[in-house]
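Comments concern the structure below.
The values are calculated or read from the model by the stated rules, or taken from the named source; none is laboratory data. Note that this is a predicted model, so its numbers are computed, not measured. Methodologically, a virtual Cβ is constructed for each residue, glycine included, from the backbone with ideal geometry; neighbour enumeration extends over all protein chains shown. Please note that ligands, DNA and RNA were not included when accessible areas were found on the heavy atoms of the full protein model with its side chains. Shrake-Rupley method; radii C 1.70, N 1.55, O 1.52, S 1.80 Å.
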Amino acid sequence: MTEQELQRRETLGKLREMGIDPYPAEMFPVSHLASEILENYQEEVLEDGTKNRLNYQEVALAGRVMASREAGKALFMNLQDSSGRIQLYFRRDNFLDGDEAPMFDTVLKKLIDLGDYIGVKGYAFRTKTGETSIHVSEYKFLSKTLRPLPVVKTDAEGNVHDAFTDPELRYRMRYVDLTVNTSYREIFIKRSRLIRTMREYLDELGLLEVETPILQPIHGGAAARPFTTHHNTLDMTLYLRIANELYLKRLIVAGFDGVYEFAKMFRNEGMDRTHNPEFTALEFYVAYKDYNWMMEVTEQMLERVARALNAAGNATAQVEDQTINFAGPYRRLTMFDAIKEYTGINVETADEAELRTYCRSEHIHIDETMGKAKLIDEIFGEKVEHHLVQPTFLIDYPVEMSPLTKKHRSKPGLVERFELFVNGKEVANAYSELNDPIDQRERFEEQLRLAARGDEEAMAMDEDFIRALEYGMPPTAGIGFGIDRLAMLFTGQASIQEVLFFPQMRPESLH
RNA sequence: GAUUCCGUAGCUCAGUCGGUAGAGCACUUGACUUUUAAUCAAGUGGUCAUGGGUUCGAGCCCCAUCGGGAUCACCA
């Protein structure tokens, strides 16, 4: 234990010796938050120069002591609650017990450490330097902090000193991070509001919020490597879901007109600043609609989200030096037109050999197993994707890349699919759902052939899903959004770790 | 998984050519009844990530390991 930790354990013992419970059980009746008093406190100056305090003359607040400044027989503290920080003012005269003042000289000055929780009662006033404060008449010790918090200070010019910045420590000890770097709380409040706004919109559309299995015997609905686990009683392998798409479509078969789920997905793949092994998706499916309808819904929903998260109510988000406008309609660009625009290549007429030659000349990483569709996808990723900063629907993909998507109504070889790109990254993937069970079986069989050639991410055959389609699924539009990516966009963060409370980390050795 | 940078006090960081381990804040003691990055005075605090190696001598040079960041690969 460090010296400061030992000292705090000593003060803990001294509190007990004085009959003060460092971890009392009973509730403390909080009446106000710091920010409310700071914003609304009022006083008037009378003709004789004295002040008349107009409100908050009987308040009770609670929080952590984040700074303490002794000034002789006066003492100032900064109390931090969930809303912010307010200054406390204590005078020795208010805590006299005969000539002694143990609750001032001993407890306040010696036994309360930075980070400790206290509750105070008193009245609001303004000091002669103009700081709205609480004049404390009584206080109660609420909880002891045994480890020293990092002391982050901000000076008069707004410069932050000794900021707690080490990413490893911040992510491992998010409780410390959010205590001392309170501005990061705003990211998570916005993330919560993002989800709530989407949920409100979907509820207004009349969709049903549902839950589907996380433990799945067949990992379907996406191309990714799964986590594997084992169920003891059933003695069988189960997979943590990489997608919930096939279950949600079963519910459309079941007769619900629209279903949605905010779902944690798990993918056993690399980690970087846009990928965490578990992440959150919103998927929803609506009967009797197609992907054109879904584009309009996407525009409406994201515009509403943007306005809800923007302080001024604008439909924009700021990402570094880019201002992104979420007011619809968004640009719609076919995959082939996008490649033509940014490379000059007509992939519709080019054959596989021509695409290969182009890729080599542009140093795009390819291998011999890639077919024409995969080559198109690689060219798009290298040459087009990063240009799509403002929200753009990329539409009409080659059928080979989309085994769950309905064939295009008029363009042979393509499917009715779109992906939404914002700030050069994919944030949503949607299609007119494939509901032809015979076509679906052929698509799965094609996936099996890919798997046999060594494609680890090819989808497995799901006989029960085929059976469900054979019972009949109405024409349906479906979409999946990456919630973490959206949270990054709307909070201006470059790393997914900043929008997750507890990003995945290697284990830490704690003795 | 590959490459690369980083790891020194509770926090943020210095540390020269390889020669006794440093600063600010925090902490301890004292002064001060409207201070606010409070101030003033005096102090405490270190397995220099871990383990080897080279050397008379390693925070510094070499090797390995652990952890983190960035870039790449895979992916959303």
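Brief remarks follow.
- Only lysine pairs 8 or more places apart, or on different chains, with alpha-carbon atoms under 20 angstrom apart are counted in segment A:3-149, and they number 17.
- 3J(HN,Hα) from dihedral phi, segment A:293-303, Karplus parametrisation 6.51/-1.76/1.60, rounded to Hz, x for glycine, proline: 4, 5, 5, 5, 4, 4, 4, 5, 5, 5, 5
- Taking a sphere under 11 Å around the Cβ of A:Ala451 and counting the other residues whose Cβ falls inside, with K and R at +1 and D and E at -1, yields a net charge of -3.
- Cα-based helix-to-principal-axis angle, A:437-452 vs chain A, degrees rounded to 10: 80
- At R0 = 30 Å, FRET efficiency that the Cβ-Cβ distance of A:Met173 and A:Thr274 yields, to 0.05: 0.80
- Residues in chain A average 51 Å² of solvent-accessible surface per residue, probe 1.4 Å, ligands and nucleic acids excluded.
- Karplus-derived 3J(HN,Hα), 6.51/-1.76/1.60, for each residue of segment A:375-386, Hz, glycine and proline x: 5, 4, 4, 5, 4, 4, x, 7, 10, 10, 3, 5
- Potential extension, A:Lys264-A:Glu138 segment - 0.36 nm per residue separation minus Cα distance: 40.7 nm
- Taking packing as the residue-averaged number of other Cβ atoms within 10 angstrom, the listed peptides A:184-196, A:59-71 run from highest to lowest as A:59-71, A:184-196.
- The order of the peptides A:282-291, A:233-242 by mean Cβ neighbours within 10 Å, most packed first, is A:282-291, A:233-242.
- Ranking A:Asp93, A:Asp462, A:Asp99, A:Asp377 from most to least accessible surface, computed with a 1.4 Å probe over the protein chains only, gives A:Asp99, A:Asp93, A:Asp377, A:Asp462.
- For A:Met461, no residue has an amide H sitting under 5 Å from its own, ignoring neighbours fewer than 5 places away on the same chain, with H placed 1.01 Å from N.
- Computed FRET value (nearest 0.05) for A:Glu131 with A:Lys109, which takes r as the C-beta separation and R₀ as 22 Å: 0.60
- Computed from the C-beta positions of A:Ala452 and A:Ile214, the FRET efficiency with R₀ = 22 Å rounds to 0.20.
- Rounded to the nearest 500, the helix-only mean residue ellipticity at 222 nm of chain A stands at -9000 deg cm²/dmol, with each DSSP H run of n ≥ 4 adding -39,500 (n - 2.57).
- Within-14-Å neighbourhood charge of A:Ala315 [Cβ basis; K, R +1; D, E -1]: 0
- The packing ranking of peptides A:119-130, A:490-501, highest mean first, is A:490-501, A:119-130, where packing means the average number of other beta carbon atoms within 10 angstrom of each residue.
- Calculated log₁₀ intensity ratio I(q)/I(0) where the Debye formula runs over C-alpha points of segment A:160-216, q = 0.13, 0.19, 0.25 Å⁻¹: -0.58, -0.78, -0.96
- Taking amide H as placed 1.01 Å from N in the peptide plane, the amide H of A:Thr280 sits under 5 Å from that of A:Met265, A:Ile483, A:Asp484, each at least 5 places away or on another chain.
- Counted charge near A:Lys406, where neighbours are those whose Cβ lies closer than 10 Å (Asp, Glu -1; Lys, Arg +1): -2
- Separation of segment A:401-445 and segment A:166-244, taken as the distance between their Cα centroids, equals 25 angstrom.
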